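The values are calculated or read from the model by the stated rules, or taken from the named source; none is laboratory data. Predicted, not measured: the structure shown is a model, and the values here were computed from it. These accessible areas exclude ligands, DNA and RNA; they are computed on the full protein's heavy atoms, side chains included. Shrake-Rupley method; radii C 1.70, N 1.55, O 1.52, S 1.80 Å.
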Amino acid sequence: MPVLAAERAPAPFESAVRVQVEQGLGEASKALLHFYESRGFQPAWFSHDGTVRPQVGQYLAALGEAEAEGLSAERYRRSELEASLRRLVLGGQPEEAWVELELRLTSSFLAQASHLLSGQAPSRAFKSRVKPPGAVELAAVLEGALVSGDVAGALRSLSPSHAGFVRLREALGRYRAIAAAGGWPLVPEGEPLERGMKDPRVLVLRERLRVTGDLASAPEERVLYPGAPGVGMTALVGELVRAVNEEVAPESPLRPAPADLYDADVEEAVKTFQRRHGLEADGKVGRETLEALRVPVEERLAQLAVNLERWRWVPRELEPRYVLVNLPAFELEAVERGEAVLRMPVIIGMPDWSTPVFEDEVEYLVLNPEWHVPQGITEEEVLPKLREDAGAAERLGLKVLDRASGQEVDPRSVDWNGLEAGKCPYRFMQAPGESNPLGRVKFIFPNRFAIYLHDTPDPKLFEQANRAFSHGCVRVAQPASLADFMLRGHGGWTQESLAAAMKAGGEQRRVELPTPVPVYFLYWTAFVDAEGRVQFRRDLYQRDAAVRRALEG
């Protein structure tokens with residue numbers, strides 16, 4: 001509402017605002033003060049006589065949508081606000097009661113707006129581009145919501161518009177509906193299950209897979225003849241099936257499999273489930289698959305909320321061309337104009353050598369790279385081997401170089417056991433070649449973590465479901481294709497010529513990119529793929545719990 005310069009709220013309201021600010025901390029208190037200063041300390045939710053304005057009801061209704069965003073309405077004191085409003089409307093409250101509720105409503109809105117804009121536990125990885133909103137920005141959001149008369153819409157507009165966020169939010173809605181309907185049964189523990197087995201647990205398994213759409217239909221819904229009605233006539237079809245089955249010989253292929261039989265349909269459904277959870281799709285319910293099947297819906301809801309929060313840390317505007325690595329999924333995507341034009345498996349850091357979450361820009365490629373052994377690997381892996389046997393350097397294909405002069409040193413001339421810990425005067429280098437750990441190309445974006453993308457001489461590891469094998473750097477399955485994406489034909493390079501140059505070997509060669517390509521290393525343990533399938537991944541680096549605690553307040 002417009003505020004005339006000549007208007008001035010009674011001093012007690014202004015005093016109440018300033019007391020609230022003095023008792024508060026941080027940007028939220030600054031935003032509250034700025035909001036009321038900008039409107040001449042006029043109340044926003046009530047008239048000066050305590051009359052409730054329509055925006056109060058709109059905001060309390062909007063708080064009900066917080067859960068759909070993966071937030072907790074109680075984090076913003078929904079029940080407390082509703083109870084206070086009821087008491088105020090019923091009467092018998094002190095005159096200043098509306099003032100207290102006014103300030104609580106404003107504080108609640110500002111907190112929720114801040115969380116929608118940049119999250120509740122913002123990642124330091126993107127702090128240069130995703131900053132918590134300032135006091136002026138938050139105050140403007142609230143003023144705009146009140147003036148528009150669409151408080152819920154104003155809050156809704158603050159969420160990320162990335163397709164990945166939108167799909168994940170929709171998935172949260174579907175899983176909340178599953179939870180409201182009672183969730184899914186937990187498959188009992190026991191021996192591994194596979195095709196051909198009969199076991200009472202298969203009945204539970206069928207229902208578990210049916211609830212999440214991995215198994216298309218229950219046995220009684222199976223159609224035994226062309227043109228039969230669909231699921232909408234399940235009861236009728238069930239009666240027809242039972243009638244037909246009485247006339248069908250036990251060995252006939254028309255007779256549906258017993259519900260406790262682990263048949264081909266169940267096996268295929270299990271494979272679908274396994275693919276959605278990043279497991280080896282062997283169609284068998286072994287230890288890892290059973291563990292995933294036994295995760296209750298409440299845990300999956302929390303996991304979805306955690307990853308919606310992570311989306312709020314991502315810059316709202318991404319570049320037209322970039323590379324994105326989702327660490328828990330062991331996958332890289334090259335994106336152009338919002339579409340993934342290249343997708344490939346990757347190998348990431350082991351839990352003890354975790355790949356960090358950060359962003360940077362690839363500046364150049366190195367064909368046939370030398371490998372300069374990082375300090376951590378030197379201290380923890382190379383030096384212990386040399387202390388046992390100086391000949392290990394040759395077996396590892398490493399040259400020993402003097403740090404000061406850069407001259408090569410005979411490893412047998414060094415007293416490796418006499419070196420002071422952490423002060424090795426030598427560095428180690430492996431020349432380009434078939435056994436070089438970096439393969440035939442590396443992608444360089446200078447950063448404080450000394451992380452880069454690179455080829456590998458051991459491509460068989462890409463066949464594994466869990467691909468956390470590196471010391472932090474990321475190995476890519478299709479290096480020539482990725483190099484082609486980044487170079488875009490610059491310098492006459494094509495995917496074929498790049499592959500040929502890599503195969504031919506030779507001296508190390510630096511190739512500048514025409515334009516730096518942004519690269520994002522992200523950590524999403526839940527996401528929705530391009531086909532609309534909800535995907536879950538193991539929390540490899542144990543990072544979900546901290547985010548979940550922040551969301552729970």
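Where the accessible area of the chain is counted over protein heavy atoms with a 1.4 Å probe, how much of it, in %, is carbon and sulfur?
51
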Just from its helices, what would the mean residue ellipticity at 222 nm be for the chain, if runs of 4 or more DSSP H residues each count -39500 (n - 2.57) and the sum is divided by every residue, rounded to the nearest 500 deg cm²/dmol? -11500 deg cm²/dmol
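How high is the relative contact order of the chain, in percent, with contacts defined as C-alpha pairs under 8 Å that are six or more residues apart?
Worked out over the chain, it gives 16 percent.
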Taking volume of the Cα convex hull per residue in Å³ as the quantity of interest, determine which of (1) 164; (2) 270; (3) 250 was computed from the displayed structure. (3)
Which distance in Å, rounded to a whole number, links the C-alpha centroids of segment 426-446 and segment 84-120? 60
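When ligands, DNA and RNA are left out and all protein chains stay put, how many square angstrom of accessible area per residue does segment 445-515 have with a 1.4 Å probe?
Heavy-atom accessible area per residue stands at 53 Å².
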Could you derive backbone 3J(HN,Hα) for segment 443-457 from the dihedral phi with the Karplus parameters 6.51, -1.76 and 1.60 (θ = phi - 60°), listing whole Hz in sequence and x where the residue is Gly or Pro? 10, 10, 9, x, 8, 6, 8, 6, 9, 8, 8, 7, 6, 8, x
Output ³J(HN,Hα) for segment 513-520: one whole-Hz value per residue in order, computed from phi by the Karplus curve 6.51 cos²θ - 1.76 cosθ + 1.60 with θ = phi - 60°, and x for Gly and Pro. 7, x, 9, x, 10, x, 9, 10
For segment 144-217 and segment 385-402, compute the distance between their C-alpha centroids and round to whole Å. 53
Residue span Glu14 to Arg403: 0.36 nm per residue of separation minus Cα-Cα distance leaves a gain in nm of 133.3 nm
Go through segment 154-163 residue by residue and turn each phi into a ³J(HN,Hα) via Karplus (6.51, -1.76, 1.60, θ = phi - 60°); whole Hz please, and just put x for glycine and proline. 5, 5, 4, 6, 7, 6, x, 9, 4, 4
